[in-house]
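The values are calculated or read from the model by the stated rules, or taken from the named source; none is laboratory data. Model, not experiment: these values are computed from the prediction. For neighbour counting, all protein chains shown are included, and Cβ atoms are generated from backbone atoms with ideal geometry for every residue, glycine included.
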Amino acid sequence: MRIRFLYHNFTGKECKPSLEEYANEKKLKSLTRLLEKNDLALADLAIRAEYLTHHNAFSVKLNLKIAEHLLLSQEVKHSLTQTFDLALEKLLSQLRKLENKKQIKLLREKAKIKEIKK
C-alpha cells in the first residue's frame with residue numbers, strides 16, 4: 001500500500017512528523033491487515049491534513065483508491081489525532097462493507113452455478 005501525506009496551513013513543523021509516526025506505528029496496521037487479507041495490497045492512500053485557522057480545528061481527509069473503488073472519509077475536530085482516528089474508523093467501516101458486498105456477490109454466483117449444473 002502506498003501512503004501519501006499532504007499538509008495545508010500547518011505553521012508548526014512538529015505536527016507533521018508526529019502525525020506520520022502516529023499513523024504508521026499505531027493506526028494503519030489494521031487497514032494494512034484488512035487490505036492484505038483481501039489481496040488488495042496495491043491500494044493508494046492519500047492523507048490530507050489541514051489546519052482551519054478560523055475555527056481553530058483540524059480537518060483530515062482520507063482517500064483510499066482500490067482497483068475500481070474510491071473510498072473517502074473526512075472529519076473535523078479540535079485534536080489532530082482524534083480527527084485522524086475518526087476518519088480512519090469511517091474508512092475501515094466502508095472497507096468492511098465493501099468486503100461484505102463482494103463476499104455476498106461471490107456466494108450468489110456460486111449458487112447460480114450450482115443451479116445451472118442441476
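What the table below lists for this structure:
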| read-out | value |
| --- | --- |
| Some residue of the stretch 59-76 being in a loop (DSSP other than H, G, I, E, B), without any contact (Cβ under 8 Å) to a residue 60 or more places away in the chain and hydroxyl-bearing (Ser, Thr, Tyr) | no |
| LEU72 under 18 Å from ALA23 (Cα atoms), surrounded by fewer than 16 Cβ atoms within 10 Å (Cβ to Cβ) and touching a strand residue (DSSP E or B) at 6+ places or on another chain (Cβ under 7 Å) | yes |
| Filter result for the condition that a residue is touching a Phe, Trp or Tyr at 6+ places or on another chain (Cβ under 6 Å), within 22 Å of ARG2 (Cα to Cα), among the hydroxyl-bearing types (Ser, Thr, Tyr) and surrounded by 12 or more Cβ atoms within 10 Å (Cβ to Cβ), over THR32, THR83 | THR83 |
| Test for GLU68: is it charged (D, E, K, R) and either over 27 Å from GLU36 (Cα atoms) or touching a Ser or Thr at 6+ places or on another chain (Cβ under 7 Å) (or both) | no |
| PHE10 vs. criteria in contact with a Lys or Arg (Cβ under 8 Å, 6 or more places away or on another chain), surrounded by 15 or more Cβ atoms within 10 Å (Cβ to Cβ) and either β-branched (Val, Ile, Thr) or assigned to a loop (DSSP other than H, G, I, E, B) (or both) | yes |
| Meets criteria (under 30 Å from LYS101 (Cα atoms) and either surrounded by 15 or more Cβ atoms within 10 Å (Cβ to Cβ) or within 13 Å of the chain's Cα centre (by Cα) (or both)) for PHE58 | no |
| Any chance LYS26 is modelled with pLDDT under 80, of a type in the set (Lys, Arg) and in a helix (DSSP H, G or I) | yes |
